[in-house]
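Trainee: Shown below is the structure under consideration.
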Amino acid sequence: MDNQGTTVYRGHVITPLSASEYLDYIDGALVVDAVGCIVAVGEWSELSAGVAGATIVDLGQRLILPGLVDLHLHLPQVSQTGRSGEHLLAWLNKYIFPAEARFSDTRHARKIASWFFDELARNGTTLAVVFTTVHKAAADAAFEVALAKGSRVIMGKVMMDANSPPALTETTQVSLEESEELAQKWHGADNGRLLYAFTPRFGVTSTPELLAGVGRLFAKYPGTYVHTHLSEAKEEIQFVSKQFPRARSYLDVYRSFGIIGERTVFAHAIHLDDDDIKCVKETRSSLAHCPSSNFFLKSGAFLYQKIRAAGCLFGLGSDVAAGPSMSLFNVMKDANYMQPDIWIEPPELLFRATLGGAQAAHLDHLTGSLTVGKEADFIVVDPSRKSGIVDDILAQPTDEILSSLVFLGDDRLIESTYVRGKCIFHCKNVDMLATC
Ligand SMILES: [Zn+2]
């Protein structure tokens, strides 16, 4: 076989198959072709004979894992992490809305976007579902930065036409028109690496006309997404029930406007009843579970057992900045800590942060695991970069390795990050030079 342009990454390959099973090649190899697709994965001893002429990257015992999937976070809030002391609505008014208003300055917006996408790569995130702000030019700049930096995103301009500060209030018509223009420009860019999500902030800041318009756009542009918040805080839910008195529940507000179904991503979804959970399952809508954020704002606990048992699609979100860390390792740990009565085992946590997240984003045919035919979105993990992890961890059973990663890990574990076979971060080269 002609291996020109092929790269073989030799190391300890771990990739999830399901919430409880994973493939494990201790002396393994991931073979990536010239266009960034995975063409083989398995034992080095079996693959090495067929890779003559390929570039070999020997990673020793270091780990090769699928890139991490962050199903919900906010680009403009990256500068606002760690600002505690309020529940959701007061926190938004005090810290977040002023920070988002600054995005009317597109130079500022571009600078923060550059920082944000560098941080995503540094944290090993290879697919992110992202809120921007209401500003069209800022959202446009964010897509340009993501395109240039090689990030994989589902992203959109935020839509707010009610109960919002004057600096962030749009007319319904402008919100819908600008969102449609951005979707036409960016959805599917670079062979599908950039995807568009219509992004009404939440029920509180939406008129019925806006949500009806989102429903129409979602139906008009197949393959696009809707990304919004659902049932995060009790005061938010009360507000929404007064604003939409005919709806049976918060989820029913979105359902009544056609904002439900495959490629609808609902962040939080904490206070759901049985009918809501059934509706999420039946419509193949997706939930972004954001435990770190829910701890931080004291919003409540996700019904993990019930939602898992119902067979809903869900993954994890950092929800920066209500979540204080962009590292999915921190989020995995918090997902376990949040449940008082059950253990969520490390392989399942890794699944939720990789393949489970990709399934929830309906992109598991492309990413989320190290599988032949998928695009090569992966991270190289070096546990020795993080203090507190024992020196011989890589010689221990893989279940023990995963447990150490989940409970002791953070961004410092990440040696390098690849999207579609291209290195977008290397710890020894923060300027992303060509040596990685
Ligand atoms: Zn959020």
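Trainee: So which of Ser416, Ser369 ends up being open to solvent by less than 10 Å² (accessible area, probe 1.4 Å), outside any loop (DSSP other than H, G, I, E, B), in contact with a strand residue (DSSP E or B) (Cβ under 7 Å, 6 or more places away or on another chain) and closer than 23 Å to Gly42 by Cα? Give the steps one after another, and end with the answer.
Mentor: Working: Ser369 fails: outside any loop (DSSP other than H, G, I, E, B).
Selected residue: Ser416, the only one of Ser416, Ser369 that is open to solvent by less than 10 Å² (accessible area, probe 1.4 Å), outside any loop (DSSP other than H, G, I, E, B), in contact with a strand residue (DSSP E or B) (Cβ under 7 Å, 6 or more places away or on another chain) and closer than 23 Å to Gly42 by Cα.
Trainee: Still on this structure, please answer the following. Looking for something at pLDDT below 95 and touching a Phe, Trp or Tyr at 6+ places or on another chain (Cβ under 6 Å) - is there at least one such residue anywhere in segment 95-113?
Mentor: no
Trainee: All but one of (1) part of a helix (DSSP H, G or I); (2) open to solvent by 10 Å² or more (accessible area, probe 1.4 Å); (3) under 18 Å from Ala197 (Cα atoms) hold for Ala167; state the number of the condition that does not hold.
Mentor: (3)
Trainee: Then there's this: Condition (residue is assigned to a helix (DSSP H, G or I), within 14 Å of the ligand (Cβ to nearest atom) and touching a residue at least 40 places away in the same chain (Cβ under 8 Å)) applied to segment 324-337: is it met by at least one residue?
Mentor: yes
Trainee: For segment 296-323, how many residues meet the condition of being within 14 Å of the ligand (Cβ to nearest atom) and either charged (D, E, K, R) or assigned to a helix (DSSP H, G or I) (or both)?
Mentor: The number of residues fulfilling the criteria is 2.
Trainee: Only residues in segment 298-319 that are outside the structural domain of Ala335 (by TED's automatic domain parsing) count as the first member; pair them with residues that are part of a helix (DSSP H, G or I), Cβ under 8 angstrom, at least 6 apart or cross-chain, and list the lot.
Mentor: Listed pairs, sorted by first residue: none to list.
The values are calculated or read from the model by the stated rules, or taken from the named source; none is laboratory data. Because the structure is predicted, anything quoted here is derived from the model rather than measured. Neighbour counts are summed over all protein chains in view; Cβ atoms, including those assigned to glycine, are modelled from backbone coordinates with ideal geometry. Each accessible area value is taken on the protein alone, full model and side chains, heavy atoms only, with ligands, DNA and RNA left out. Shrake-Rupley method; radii C 1.70, N 1.55, O 1.52, S 1.80 Å.
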